[in-house]
Amino acid sequence: MERRLVLRVLNYWRHLAGEKEFPSIDEIDASDIPEIWPNCFLLDSSGNPDDPVLMDIGDQLQKDLGGDAKGKPISEVINESLLSAALGHYRQVATKKVPISLGGEYTKNDGTQVLYRSIILPLSGDGENIDKFFGAANSRLVSTS
């Protein structure tokens, strides 16, 4: 079994899409991927493409934020967190209409350096227009030794 989070999420998305170009939000089921769901999130951009709302957020990402973010627009929850780093490229996914995986390093509010890897995948209710996003991210602290 693949261990890398981003590849597992991509494989799940491809499975849901099948012959379609994009799966819909209704096909995403946390119980299908319980071992990786804590690192996943769902965004709804149908109301405001420039400030999507977090429809759902896994426990690990929620814990890293330090507060309840479900139902809030991303502009209200952006800080130096894993979710913030992961959300940086959702607009590219909407424009290109393809999954995009990125990784890098960011600094938390306490000065801790963190390496991360993330993926955001497009979802469509009508099979054509991107109106939601499925994403995941994980991280590890940069070794200081």
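The values are calculated or read from the model by the stated rules, or taken from the named source; none is laboratory data. Only a predicted model underlies this, so the values are computations on that prediction, with no experimental measurement involved. Backbone-built Cβ (ideal geometry, glycine too); neighbour counts: all protein chains shown.
Any idea which residue in segment 32-61 is nearest to Ser84 (Cα to Cα), counting only those that are of a type in the set (S, T, N, Q) and modelled with pLDDT under 95?
Looking at residues that are of a type in the set (S, T, N, Q) and modelled with pLDDT under 95, I get Gln60.
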When (1) surrounded by 12 or more Cβ atoms within 10 Å (Cβ to Cβ); (2) of a type in the set (Gly, Ala, Ser); (3) closer than 24 Å to Arg3 by Cβ; (4) free of Cβ contacts under 8 Å to residues at least 60 places away in the same chain are applied to Ser31, the one that fails is (1)
Scanning segment 34-50 for residues that are under 22 Å from Arg117 (Cα atoms) and either in contact (Cβ under 8 Å) with a residue 60 or more places away in the chain or more than 14 Å from the chain's Cα centre (by Cα) (or both) gives Pro34, Glu35, Ile36, Asn39, Cys40, Phe41, Leu42, Leu43, Asp44
In segment 51-60, residues that are crowded, with 18+ Cβ neighbours inside 10 Å, assigned to a loop (DSSP other than H, G, I, E, B) and over 10 Å from the mean Cα position of the chain (by Cα) total 1
ask   = Looking at Ala136, is it touching a Ser or Thr at 6+ places or on another chain (Cβ under 9 Å) and either assigned to a strand (DSSP E or B) or of a type in the set (Phe, Trp, Tyr) (or both)?
value = yes
